Amino acid sequence: MKKWCAFLCGGLILGLLQGLLAPKYTGLTQEGGLIREYYQNAGGNDVIFIGDCEVYENFSPITLWQEYGITSYIRGSPQQTIWQSYYLMEETFRYETPKVMVFNVLSMKYDSPESTGSQSRREAYNRMTLDGMRWSSCKWKAVNASLTREERRWGGALTYLFPLLRYHDRWSELTAEDVRYLFHFQPVSHCGYLMRTGVEPMTEALISAPMTDAELGQTSWEYLDKMVRLCREHGTQLVLVKSPGLYPVWWWEWDRQVTEYAREQELLYVNMLPAQEEIGIDWMTDTYDGGLHLNVSGAEKASAWFGKILQEQCGLPDHRREETVSALWEARCRAYEAAKAEGR
Amino acid sequence: MTVQSPWFPLFTAALLVIYYRVPGQWQWRVLLTGSGCFYLWAGKAYLGFLLLTLVSTYLAARQMGDGQGREDRKKRRPWLILCLTVNASALMLCKSCLLPGAKELLAGSRVEFLTLGLPLGISFYTLQTMGYLIDVYRGTVEPERNFGKFSLFAAWFPQLIQGPVSGFSQLGPQLTAAHPYDGQRLSFGAQRVLWGYFKKLVIADRLAPAVTALRQEQTVGGGFLVLTILYAVQLYGDFTGGVDIALGVSECFGIRLPENFRQPFFAKNTAQYWRRWHMTLGTWMKTYVFYPVSVSAPVRRLSRWARARLGGFGKRVGVYLATGVTWLATGVWHGLTPNFLVWGMLNCLVIVLSQELTPLYRRFHSRFGWKDKPWYGVFEGIRMFLLMNLIRACDLYADPREYFHRLLSLFSVPLWRQPVPALGLTGADWGILALGIGAMLLVSLLQQRAGSLRQLLWRGNPWLRYGLTFLLLVAVLLFGRYGVGYEGTNFIYSQF
Amino acid sequence: MRKWTGFLAVAAGILCLCACAAGSGETAPTEGSDALAFSYGDVTICPGDPAQAVLEALGEPGSYQETPSCAGEGMDKTYGYGGFYLTTYPEGETDRIGQIWFADDTVSTAAGIRIGSLMEQVKRAYPQGSVCAGGEQDFYFVSAQKGTLSFTLENGRVTQVQYQGMTAGCPAC
C-alpha cells in the first residue's frame, strides 16, 4: 500500500513538473497555442480551415460570419506540413463533420521533415503543432510522420508522450507565466485566427531562390489523395486554396499541377494570388511584416472575397438568423472587435 | 537505441515484465531475445561482427571441449590460436580504422563505414569470449553446448556497451538459471541504474563541453592541469555511470555482474588504484596475459639468467617483463594510436618504480613516522589522484608529442601565468556540477565507511528511501544533459 | 584437415557476411560531392556549412534582405554579391548556408557552367547528373552527398544555376 502511495505521489509530482516546464506560448510565440484551442470550440462549424501560417494569419472566421453567416474555425499552426494537416483533419472528424474542409496547398512544397529547411526550427514547429493535440491515435500517427532525424535519435515519439523529456531544461527559464498557466491556458486566437493589427509596408520585392524542382513531391500527393478519400468518406467537400501570401513563392508550375489534380478529382481549387487586385490587397497597408503575412485588414479583405466563393460554390447556409448560433458568434464578434480596437 | 535514449528504460521495463511472467526455464530465452533486439536496435550494421565472434568462438570451444580435443591439449591448441587470431584480427581491424590516416587509406573501399567508430562494444565482448575460449582450452570450464546460451553469455545486452568483462563460470550459470521475482533486488537494481544515469547525464555530460573546449585549445600549464582534473571527473562519471547502469539492469533480472570499481580515487598508490579502477579488465589481463607470460618458458629462462647475474633486482626482472607485456596489451586494447602505448608504458613505469623504491619509502617512513597520520593519508590520496590524472590525460592526444609538450609546460612556466580558456559552461552548469560532484563524493565516502548504502536505506524508514530515490530520478530528469538540442556524448569507454 | 577447411570456410563466410552487413549501412557513393562546392575568388561556399566565416570572407554584400520566420524562430537572410545570391538559415545558434544561385553570367560553377551555357556542356561537365523535363523548362540535377546542384534550362540553354543543401534552408511557413 505504502509503495503504491509513493508511486502515486511521485507520478503526481512529475506530472506537475511536466506541466510547469512545458512552454505556455503566451508571450511572443502565441502561434504555439493555436492547436489546443480548437477542442473548446469544436462542433457546429460548417467550414474548417487546415494549414500553415497562410490560414491562421490570412483568413478571419469572424469576417466570414459577419459577411455571410458562415461558421468556421481554423486549425492552423506554423509551417504545418501536409502530413500534419492530414492527421489534424482526421482528428477533426472525430469531433465534428463540417460541410467544407479548406486546405491551403503551400505546404505541398515540402516532401519530408528534412526538406523544410532548418531542422531545429522544424522541431520547434513540430512541437507547436503536435503538443497542442489531444492524445489519440491521430496524434501518434502525426508525431511519427513528423519527427526529424535529431528527434528520432533522442527518444522520438516518447518525448511527445512525456514532454518533460523535451522541456526538462526549461527550469532555468521559468517565469511567473509558467505558474499562472499551469492548470489552464490563455486563448490567443479568434476561432483559430491570430490577429495582427500592425502595419509594416512591403517596400521592396522579396528576393527568392529560383524554383529548382518543378514537380511537387510524392509524399505530398499521397497525403492529398488521403485527404480526398477522407473527406469523401465523411461527405465533406474538400476545397484547396492558395492564400494570397507572396512569400514563400508558389510557383506557377506547382499551381498547374494542383489545378490539374483538382480537375481530375473534381475539387474546387482557388488560387488567390492572381486575384489580389480584385480582393483589394494593398501591400503597403495590409501586411504587418513587410509582405510575408496579411494583417487584420488584409485578412478581412481576403476572407470577404473567399467567403463569397464558399457561399456560392459550396452552398453554405447563412446562420445569422439562428438565435443560439447567432448569440455565440455575436459574443465572439465583440471580443474580436475589442481586440482590434485595442490593437492586439 | 542507445542506453541514454528514453527507450532504453522502457525496453528494459518491458523485458522485465515478460521475464518475471514466464516460467523459470524460459527466462534465459527472454534474455537472449531481449539482447538480440537491443543489438538490432542499437547497431544492426555491426551484426556481422557479433556473429563472427559468436559463431567462431562457439565452434572452436566445441572442437576443443568435445571429441579428440578433450583428451589432448595439443589438439586443442590450433583451435585456440585460430579463433583468437580471427577475433583479435577483427578487433584490431576495427581499432586500426580509428588511426589517423586510416580513413584516407580505406576511402572508397567497402569497409569505409568503420571510420564511424568501433562496432558496439566489440572490445568488451571480444575480451569476454576470448577469456571463455582460453578457459575451455585450459579445461577450467566446460564448453557451452547450447549456442543460444553461449550467445547470451557473450552478448548479454547491459554489458555490451562497456562491460564489465565477466568470466563464463561466474556469469554463464546465472544467466540460464531461473530467477523468481524479488522486490528488494528489483528496487536495488533500479536505484543503481538511476545513480548510473545521474553520474553519466548530470555530471559527465555536463562537463563534456568544458573538456572538449580545453582539448581543442592549445591549452598548456594551468589550463592543462584543469583539463586533467575535469577529464578525470568526466571519465569517472561516464564510465562508472555506464557500468552502474549495466550492473543495475542485470541486478533487476537477478544477475550479479562483477564489480568494476571500488572508490578508485581513494587509492594511495598505483597498484591500489589499478585494483580499484576497471577491475574486471585488470583481472582479465592478470589471468590471461600476466600469469601466462610470467610462467612461460622464455620468461622463466630470462628470470633464471637475471637472478644469477643481477642479484635482488634480477629476481624481479621476470615479473617486470610480464608487467610490461600486460600493460602493452592493456594499452593496445584501449587503442592502436601511439598515445595508448605510451599510456600503458607510463603506468608500467610508475608501478615498477614504486616497487623498486619501496625500501627507500620504508626508510623514510620509519624515520619520520608520518605514515599513520590522517593528513598523510589525505596527501597520498591527492598525490595519487593528480598523478593518475596526468597519466590519464595521454588518452586525449593521439600524438604523444602533444601530450608531453603539455606535460612539460606544467614545469616550465608558473601555472598562474597560463590563462585557462573559456570553458563554455554557465553558472547554472557549475552549480549543478558542484552539487552533483559533492553528492558523488559523499556517496563514495559513505560507501568506503559503511558499505552498501542501498542496504542501509533498505533497513531504514521506507519513506526516506522512496524520497531519496525520487529525488535522484527528478535530478536525472531535470538536470541531465540529454535530448534534442544537446550534442549527446557516447560513453567514452565504448570507443576503447 | 577437413575440420580445418570447414572451420576456415565458416570463418570466411562470416567475414563476407560482415562486409555485407557493413555495406548495407553505407551511404550513397561520394561521386559528385565536390559539385556542391561553389568557389568565388578564394572563397569556397558549400550549402550546409556555417555561414559566418564565408560571409566574413566575402565582405560587404551588394544587397541584403532578412525575412523573419513564423513564431519568432529566427531569421532567414539573403545576401547578394556580384553575380550570385546566397541564403542562410538558423540551425540552433548557428546560421548555415542554405542556397546559392546565380544572378547573371559573370560567375560559373567549378566545371565552368554559367547562365547561357548549353545543355551539352552541362552534360559533359556533370555526366553523373540526370535530366528532368518539366514543360517549358528542363532541369538537370547533379546529386551530391550533402545536396544538389541544379540547372534550369530553357530552349537548351541554362537560365538558372542553384546549389542546395540536404536540408534546403527553405523559408519557413
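Some notes on this structure:
- Report note on the peptides B:243-249, A:30-36, B:339-345, C:107-113: ranked by the mean count of other C-beta atoms within 10 Å, highest first, their order is B:243-249, A:30-36, B:339-345, C:107-113.
- Inter-chain Cβ neighbour count for A:147-157, averaged per residue, equals 4 (cutoff 10 Å, partner chain atoms only).
- Segment A:2-342, Cα convex hull volume normalised per residue, Å³: 158
- Cysteine residues of chain A whose C-beta has no other cysteine C-beta under 4.7 angstrom: A:Cys5, A:Cys9, A:Cys138, A:Cys191, A:Cys231, A:Cys314, A:Cys333.
- Cα centroid of segment A:135-206 to Cα centroid of segment A:54-130, whole Å: 14
- Where labels lie 7 Å past Cα in the beta-carbon direction, separation of A:Ile13 and A:Glu277 in nm: 6.9
- Helix-derived mean residue ellipticity, 222 nm - over chain A, DSSP H n ≥ 4, -39500 (n - 2.57), to 500: -14000 deg cm²/dmol
- Separation of the B:Leu357 and C:Gln128 label points, Cα + 7 Å toward Cβ, nm: 5.9
- Reference-scaled alpha-carbon Rg (2.2 N^0.38 Å with N residues) for segment C:33-165: 1.07
- Two-site FRET efficiency, B:Ala14 against A:Trp171, from Cβ-Cβ distance with R₀ of 22 Å, rounded to 0.05: 0.15
- Relative frequency of Cα-Cα separations exceeding 54 Å in the protein assembly as shown, percent: 30
- Once the chain from A:Trp251 to A:Glu264 is taken as fully extended at 0.36 nm per residue, the excess over their C-alpha distance is 2.7 nm.
- Coupling constants for segment A:277-287 follow from the phi torsions by the Karplus curve (6.51 cos²θ - 1.76 cosθ + 1.60, θ = phi - 60°), and in residue order they are 5, 4, 5, x, 6, 10, 6, 8, 10, 9, 10 Hz; glycine and proline get x.
- Cross-link partners of B:Lys373 among lysines (Cα-Cα below 21 Å; sequence separation of 8 or more within a chain): B:Lys268
- Extent along principal axes [Cα atoms of segment B:306-404; Å; largest to smallest]: 45, 42, 20
- With a Förster radius of 60 Å applied to the beta-carbon distance between C:Gln52 and A:Lys3, the computed FRET efficiency rounds to 0.60.
- Relative contact order [Cα under 8 Å, 6+ residues apart], segment A:2-342, whole percent: 26
- Segment A:263-339 and segment B:351-379 have Cα centres spaced 89 Å apart.
- Pairwise FRET efficiency - B:Met345 versus B:Arg449, Cβ, R0 = 25 Å, nearest 0.05: 0.10
- Here the Karplus relation 6.51 cos²θ - 1.76 cosθ + 1.60, evaluated at θ = phi - 60°, turns the backbone of segment B:154-163 into coupling constants of 6, 10, 4, 4, x, 9, 5, 6, 8, x Hz, with x for every Gly and Pro.
- Shielding by other protein chains, B:49-61, mean Cβ within 10 Å: 3
- Over segment A:160-296 - Rg/Rh using Cα atoms and the Kirkwood inverse-distance radius: 1.06
- Backbone phi angles across segment B:399-405, fed through the Karplus curve with coefficients 6.51, -1.76 and 1.60 (θ = phi - 60°), yield HN-Hα couplings of 9, x, 4, 4, 5, 5, 4 Hz in residue order; Gly and Pro are listed as x.
- Highest mean packing first, where packing is the average number of other Cβ atoms within 10 Å per residue, the peptides A:218-227, B:275-284 line up as B:275-284, A:218-227.
- Square roots of five times the Cα gyration tensor eigenvalues for segment B:1-58, Å: 22, 18, 6
- Our note on the geometry: Cα centres of segment B:1-61 and segment C:57-132, 48 Å apart.
- Size descriptors for segment B:268-362: radius of gyration and Dmax over Cα atoms are 13.9, 38 Å.
- Value of relative contact order over chain B, rounded to a whole percent, pairs C-alpha under 8 Å and six or more apart: 19
- Peptide-level mean, for A:242-255, of C-beta atoms on other protein chains within 10 Å: 1
All of the numbers you see were taken from the coordinates with simple rules; none came from a lab. Remember, predicted model here, so these are calculated numbers, not experimental data. Using ideal geometry, Cβ is built from the backbone for each residue, glycine included, and neighbour counts are taken over all protein chains shown.
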